[in-house]
Amino acid sequence: MEWVSSLCLLALGASGMVPPMAKQVRLTLAKANVRRAEAGEKPITMNSLAVQAGVAATTITRLARTDDKAAAALSLDLASKILTVLDCGIEDLLEVVETP
């Protein structure tokens, strides 16, 4: 099981049952772009991130969604590529969101 999927399971609880307000993890560029702005760099778009990381734009877009497929799409290899491009920490890349 990939590490992001594990995070989703932790957010759901040990039973694996989805509570009425489940939490999921998704990719966000907000913190990374704030850091880039502070460094005098232009914000990065998801398409630009995909090109620089060498992955399909649909892969990056899928990571930003809040559905079950999003969490399963982030491997450690892909996370490493994204973190290298953005020059940031994992805490700048992921956010936990509540889903109905």
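The values are calculated or read from the model by the stated rules, or taken from the named source; none is laboratory data. Computed from a prediction, not measured in an experiment: that's the story for all the values here. Please note: Cβ atoms are built from the backbone with ideal geometry, for glycine as well, and neighbour counts cover all protein chains shown. Surface areas here come from the heavy atoms of the whole protein model, side chains and all, with no ligands, DNA or RNA. Shrake-Rupley method; radii C 1.70, N 1.55, O 1.52, S 1.80 Å.
If you check VAL55 against the conditions, is it surrounded by 15 or more Cβ atoms within 10 Å (Cβ to Cβ) and at pLDDT below 85?
Numbers: surrounded by 15 or more Cβ atoms within 10 Å (Cβ to Cβ): yes; at pLDDT below 85: no.
No.
Can you find a residue in segment 2-18 that is open to solvent by less than 40 Å² (accessible area, probe 1.4 Å), modelled with pLDDT of 85 or more and in contact with a helix residue (DSSP H, G or I) (Cβ under 7 Å, 6 or more places away or on another chain)?
No, that holds for no residue.
How many residues, within segment 58-76, are at pLDDT 85 or above and within 13 Å of LEU93 (Cβ to Cβ)?
Residues that pass the stated criteria total 2.
Kindly check whether there is at least one residue in segment 92-100 that is surrounded by 14 or more Cβ atoms within 10 Å (Cβ to Cβ), at pLDDT 90 or above and on the phi < 0 side of the Ramachandran plot.
No, segment 92-100 contains no residue that is surrounded by 14 or more Cβ atoms within 10 Å (Cβ to Cβ), at pLDDT 90 or above and on the phi < 0 side of the Ramachandran plot.
Being at pLDDT 85 or above and closer than 18 Å to VAL97 by Cβ: is that true of ALA32 here?
Details: at pLDDT 85 or above: yes; closer than 18 Å to VAL97 by Cβ: yes.
Spelling it out, ALA32 is indeed at pLDDT 85 or above and closer than 18 Å to VAL97 by Cβ.
Give me the pairs: first residue in segment 64-81 and part of a loop (DSSP other than H, G, I, E, B) and open to solvent by less than 10 Å² (accessible area, probe 1.4 Å), second residue modelled with pLDDT under 65 and not charged (D, E, K, R), beta-carbon distance under 7 Å, and six or more apart or on different chains, which are they?
Cβ pairs passing all conditions: LEU74/VAL4.
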